[in-house]
């Protein structure tokens, strides 16, 4: 099996890894309580999704 004759430079390794960084998750705002939430999911703060109460939360029960 062939092996590399010389080691790769750090620049060559860095160029290969240039696209491997983590991206920030997309966050949207809840139209009801204006807290940040993941898109297409019920708001963990107020429990609403698309204008309807979907889950019961302690915050909504108060």
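For region 15-44, a residue qualifies if it is under 19 Å from the mean Cα position of the chain (by Cα), at pLDDT 90 or above and assigned to a loop (DSSP other than H, G, I, E, B), and the qualifying residues are 26, 27, 30, 34, 35, 38, 39, 40, 41, 42, 43, 44. Counting the residues of region 37-55 that are touching a residue at least 12 places away in the same chain (Cβ under 8 Å) and within 18 Å of residue 26 (Cα to Cα) gives 6.
The values are calculated or read from the model by the stated rules, or taken from the named source; none is laboratory data. Since the structure is predicted, the reported quantities are computational estimates derived from the model, not experimental observations. A quick note on method: Cβ atoms are made from the backbone with ideal geometry, for glycine too, and the neighbour counts reach across all protein chains shown.
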